[in-house]
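Have a look at the structure below, then the notes.
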Amino acid sequence: MKVIWILSIAGIGTNTLLFFQPKFEILREKMVKYQIEARGIKSETVLSAMRKVPRHEFVPEKYRREAYNDYPLPIGHGQTISQPYIVALMTELADITKGEKVLEIGAGSGYQAAILAEITDSVYTIEIIPELAKSVRKRFLQLGYKNIAVKNADGYYGWKKFAPFDAIIVTAAAEHVPPPLIRQLNEGGKMVIPVGHQFQVQNLMVIEKKDGKIRCRNVLPVRFVPLVREKK
Ligand code: SAH
C-alpha cells in the first residue's frame, strides 16, 4: 500500500515536470525552419547537423529555455554562444565534407564544434580561457563527442601539429587575418573569419587558398566578441 502511494506521488511528480519542460526537439525544428532555412541556408548536411545538436545542452542552465531563440546568449567570462543562424552560415561557407579536417578558433560553449563534428570526423578547437576550455572538454565527454580535440591556447597561432586543415572557422573577431592560420590552411581549403575592430562593424570573410593564391570575399557585416591575444 505504502509503496503504491509513494510511486503514484513520484509518478505525478515526473509527469508534472515533463509537462513544464519545454519540448526542445520542437523548438529546434522551428529554429531550423524559421531562422535558418528561411534565411537561405540550403546545405542538407548543415541543416541536419543543426537539427541534431542539442543546443540547450551548451548554454547555462538559466538560459536553457532561450537556447533556440534567434540571438546569441551569454556563456560566462564575458563570452557568448553565437546566434544559431550565424553558426549555420559559417558552417555552410566553410563547405566541409566528410573526412575533412577542421580547426575552430574560439571553442566557447563547444556548440559550433559539435555542429562540425556531426559533419566530419576530425575537429580541433582552441579556447584561450582555461575555465571554458575545461568545461567544454567535460561537455564533449558527457555528450559523447569523441572526435573533437580541445586545446587551451591562443588560437592566433593555430594548431601546427595537426595542420594543414581543410577548413578553419574563427568565432571571434580578429583585427587582421592571422598569418599562421593562412599557412595552416590546406590547398583548396576555406577559412571563415570575422574581421574588424571590437566596437566597429566587422566583416564576415571567406578566405580561399587555391593554386597557392589567396582569395578573399566579404559576406556580411557581423558582431563578434574580440579575438584576444595571449599576454607574453
Ligand atoms: N564558437 C563558440 C562561440 C564562442 S565566442 C560557441 O559555439 O559557443 C568566442 C570564443 O573565442 C570565446 O570563448 C573566447 O574566449 C574565445 N577566444 C577569444 N580569443 C581567442 C584566442 N586568441 N584564441 C582562442 N580562443 C579565443
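Overview of results
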{"item": "Test: residue in the stretch 169-192 that is hydroxyl-bearing (S, T, Y), in contact (Cβ under 8 Å) with a residue 12 or more places away in the chain and not in a strand (DSSP E or B)", "result": "yes"}
{"item": "Residues that are open to solvent by 10 Å² or more (accessible area, probe 1.4 Å), among the hydroxyl-bearing types (S, T, Y) and outside any loop (DSSP other than H, G, I, E, B), drawn from the stretch 81-97", "result": "Y85"}
{"item": "Out of Y156, Y145, sole residue that is assigned to a loop (DSSP other than H, G, I, E, B) and not polar (S, T, N, Q)", "result": "Y145"}
{"item": "Of all residues making up the stretch 98-121, the number that are in contact with a helix residue (DSSP H, G or I) (Cβ under 8 Å, 6 or more places away or on another chain) and either modelled with pLDDT under 95 or surrounded by fewer than 22 Cβ atoms within 10 Å (Cβ to Cβ) (or both)", "result": "4"}
{"item": "Residue check for R39: open to solvent by 70 Å² or more (accessible area, probe 1.4 Å), closer than 23 Å to I96 by Cβ, part of a helix (DSSP H, G or I) and touching a residue at least 12 places away in the same chain (Cβ under 8 Å)", "result": "no"}
{"item": "Test: residue in the stretch 57-66 that is open to solvent by less than 70 Å² (accessible area, probe 1.4 Å), hydrophobic (A, V, I, L, M, F, W, C) and within 15 Å of the chain's Cα centre (by Cα)", "result": "yes"}
{"item": "Residue in the stretch 212-219 that is within 16 Å of the ligand (Cβ to nearest atom) and either assigned to a loop (DSSP other than H, G, I, E, B) or among the aromatic types (F, W, Y) (or both) present", "result": "no"}
{"item": "Boolean, I75 is aliphatic (A, V, I, L, M), assigned to a strand (DSSP E or B) and over 30 Å from E187 (Cα atoms)", "result": "yes"}
{"item": "Residues being in contact (Cβ under 8 Å) with a residue 40 or more places away in the chain and out of contact with any Asp or Glu (no Cβ under 6 Å at 6 or more places or on another chain) - total across the stretch 144-162", "result": "7"}
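The values are calculated or read from the model by the stated rules, or taken from the named source; none is laboratory data. Just so we're clear, the structure is a prediction, and the values are computed from it rather than from any experiment. Counting neighbours? That spans all protein chains shown, and the Cβs are built from the backbone with ideal geometry, glycine included. What goes into the accessible areas is simple: the full protein's heavy atoms, side chains included, and nothing from ligands, DNA or RNA. Shrake-Rupley method; radii C 1.70, N 1.55, O 1.52, S 1.80 Å.
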